[in-house]
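J.: Below is the structure I would like to discuss, written out as structure tokens.
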DNA sequence: CAGTATCCGATGCGATACTG
DNA sequence: CAGTATCGCATCGGATACTG
């Protein structure tokens with residue numbers, strides 16, 4: 001047997017396209033708006049670049065995306081086709097399932113860079129003052145094995161939100177110091193921002209107006225609002241009862 | 001890197017459970033009501049039994065199904081948990097995508113046994129006479145490489161529909177002789193039953209009442225009714241423009 | 001019948017080096 | 001920068017034989 005499932009069932013043929021290793025996560029990035037190779041790669045830093053390139057070619061062959069050349073060694077623009085767009089409900093369904101039934105925050109999965117990369121897309125710029133606002137994030141409680149930045153600067157200036165891992169030199173308007181696990185749980189809606197602020201797992205330092213407004217302009221994960229299952233049901237990796245109380 | 005994706009994103013953690021090889025198809029079977037090992041296996045004959053056993057154990061560990069022992073070498077009852085049931089929208093989403101965007105019927109994928117196994121679940125027994133009705137199916141146009149039965153007997157007797165690959169000895173009420181590809185396309189809703197009857201790709205031989213009623217009691221694939229994309233859009237494997245015209 | 005244990009081969013994938 | 005070519009290993013999964 002080759003790579004297919006030998007079935008004409010639509011679930012099987014769709015799985016041949018959709019269910020390859022990393023493919024759902026690549027689609028998540030494309031659906032979130034990423035269009036270039038490195039941009040996509042930042043959303044899945046653990047995939048090797050050759051494999052990412054191969055998956056993108058496979059998705060093009062499957063009619064899920066188009067690769068428009070930017071010319072002479074400048075790469076491509078990757079854009080979902082109509083067929084690709086129609087994976088959105090499937091990705092959203094997977095996200096809802098993961099949100100309800102899987103334990104997400106554990107040591108293995110906590111990467112501050114990835115949290116920031118996602119967080120960057122979820123800032124309500126229009127609720128911030130109409131000037132450049134710089135927020136510095138610093139994380140503690142990071143796994144010892146983690147090699148990578150723990151400090152980030154978010155440059156919020158309409159209509160853009162940029163992420164830096166080196167000091168850009170601008171004056172900082174707000175400092176966010178956080179225990180990584182608590183920040184991730186708040187991001188996912190597993191605990192309230194209020195509770196992690198109260199416990200000092202997340203601390204905000206800066207002008208009180210900006211800090212007070214934080215809950216209004218920090219939008220959580222797009223799936224934070226998915227209702228959790230009623231207590232009692234078993235879940236993945238043993239323990240995910242609805243958090244928060 | 002091990003097997004995970006190193007992300008706390010709900011899409012990633014759900015994919016760790018859902019997107020393993022064969023897993024969506026196993027879930028399709030369970031969602032369709034299969035509960036025992038061999039019953040599940042008949043829906044995915046190309047998976048090896050050890051791998052199927054392993055996937056089922058993994059799904060149990062993930063909280064997706066429970067394995068209730070039937071005692072002393074009599075196997076288990078596999079039943080979806082609430083978490084497992086909640087993969088239904090994801091499977092349905094994949095099916096809808098496959099139905100709309102993928103070419104499903106091609107030489108590689110055409111297995112008459114699998115078609116019959118699925119067809120068996122889609123007979124409206126209550127629209128048949130309240131006695132045993134026996135329908136013999138015979139397929140032509142099967143790939144030369146196919147080793148397996150081309151003739152099947154469907155024993156329709158409320159509240160059961162049983163499939164045989166050897167003559168059960170009952171008198172046959174209706175004979176269905178069909179070109180396999182055409183039958184599969186009709187099953188999937190890609191062509192109308194009427195058109196394949198007209199072209200003699202599918203022939204019904206037997207009492208005219210039973211034959212005339214065929215379209216009423218032969219329910220198609222559960223996804224046959226998914227609306228196709230407007231003509232013109234590219235699709236998987238190059239060619240799937242909406243069939244039928 | 002309903003699986004499990006073991007073996008071994010194919011392939012999937014990461015690391016590295018390279019190119020327009 | 002945006003990928004591609006090549007290599008070698010590791011794991012995935014099929015075949016076969018076995019067990020309660």
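J.: Under 7 Å by Cβ, and 6 or more places apart or on different chains, what pairs join a residue from the stretch B:60-77 that is more than 14 Å from every other protein chain (Cβ to nearest Cβ) and in contact (Cβ under 8 Å) with a residue 40 or more places away in the chain with one that is in a loop (DSSP other than H, G, I, E, B) and within 14 Å of DNA strand D (Cβ to nearest atom)?
T.: If the second residue must be in a loop (DSSP other than H, G, I, E, B) and within 14 Å of DNA strand D (Cβ to nearest atom), the pairs left are B:76/B:70; B:77/B:36; B:77/B:70.
J.: Looking at residue B:68, is it within 16 Å of DNA strand C (Cβ to nearest atom), surrounded by fewer than 19 Cβ atoms within 10 Å (Cβ to Cβ) and not in a strand (DSSP E or B)?
T.: no
J.: If you take the residues of the stretch A:36-53 that are out of contact with any strand residue (DSSP E or B) (no Cβ under 9 Å at 6 or more places or on another chain) and in a loop (DSSP other than H, G, I, E, B), which of them is farthest from DNA strand C (Cβ to nearest atom)?
T.: Taking the candidates together, the pick is A:43.
J.: Among (1) in a helix (DSSP H, G or I); (2) buried (at least 18 other Cβ atoms within 10 Å of the Cβ); (3) away from DNA strand C (no atom under 16 Å from the Cβ), which single condition is residue A:56 missing?
T.: Single failed check for residue A:56: (3).
J.: Something else: Pick from the stretch A:181-218 the residues that are in a loop (DSSP other than H, G, I, E, B) and touching a helix residue (DSSP H, G or I) at 6+ places or on another chain (Cβ under 9 Å): which of them is farthest from residue A:28 (Cα to Cα)?
T.: A:199
J.: Using the structure shown, decide if residue B:97 is free of Cβ contacts under 8 Å to residues at least 60 places away in the same chain and either touching a helix residue (DSSP H, G or I) at 6+ places or on another chain (Cβ under 8 Å) or surrounded by fewer than 23 Cβ atoms within 10 Å (Cβ to Cβ) (or both).
T.: Spelling it out, residue B:97 is indeed free of Cβ contacts under 8 Å to residues at least 60 places away in the same chain and either touching a helix residue (DSSP H, G or I) at 6+ places or on another chain (Cβ under 8 Å) or surrounded by fewer than 23 Cβ atoms within 10 Å (Cβ to Cβ) (or both).
J.: Given the condition more than 30 Å from residue A:210 (Cα to Cα), more than 16 Å from DNA strand C (Cβ to nearest atom), surrounded by fewer than 18 Cβ atoms within 10 Å (Cβ to Cβ) and in contact (Cβ under 8 Å) with a residue 24 or more places away in the chain, answer yes or no: does some residue in the stretch A:81-92 qualify?
T.: Yes, that holds for at least one residue.
J.: Would the stretch B:5-17 turn up any residue that is assigned to a helix (DSSP H, G or I), within 11 Å of chain A (Cβ to nearest Cβ) and out of contact with any helix residue (DSSP H, G or I) (no Cβ under 6 Å at 6 or more places or on another chain)?
T.: yes
J.: Of the residues A:33, A:63, A:73, only one is more than 10 Å from DNA strand C (Cβ to nearest atom), surrounded by fewer than 13 Cβ atoms within 10 Å (Cβ to Cβ) and part of a loop (DSSP other than H, G, I, E, B); which?
T.: Numbers: A:63 fails: surrounded by fewer than 13 Cβ atoms within 10 Å (Cβ to Cβ); A:73 fails: more than 10 Å from DNA strand C (Cβ to nearest atom).
Every option except A:33 fails the conditions.
J.: Is there a residue being modelled with pLDDT of 95 or more, assigned to a loop (DSSP other than H, G, I, E, B), surrounded by fewer than 16 Cβ atoms within 10 Å (Cβ to Cβ) and touching a helix residue (DSSP H, G or I) at 6+ places or on another chain (Cβ under 8 Å) anywhere in the stretch A:227-235?
T.: The answer is yes, given that some residue of the stretch A:227-235 is modelled with pLDDT of 95 or more, assigned to a loop (DSSP other than H, G, I, E, B), surrounded by fewer than 16 Cβ atoms within 10 Å (Cβ to Cβ) and touching a helix residue (DSSP H, G or I) at 6+ places or on another chain (Cβ under 8 Å).
J.: Quick check on this structure: which one of B:89, B:24 is within 14 Å of DNA strand D (Cβ to nearest atom) and assigned to a helix (DSSP H, G or I)?
T.: On inspection, the qualifying residue turns out to be B:24.
The values are calculated or read from the model by the stated rules, or taken from the named source; none is laboratory data. What you see is a predicted model, and the numbers here were worked out from it, not measured in a lab. Positions of Cβ are backbone-derived with ideal geometry, glycine not excepted, and every protein chain shown enters the neighbour counts.
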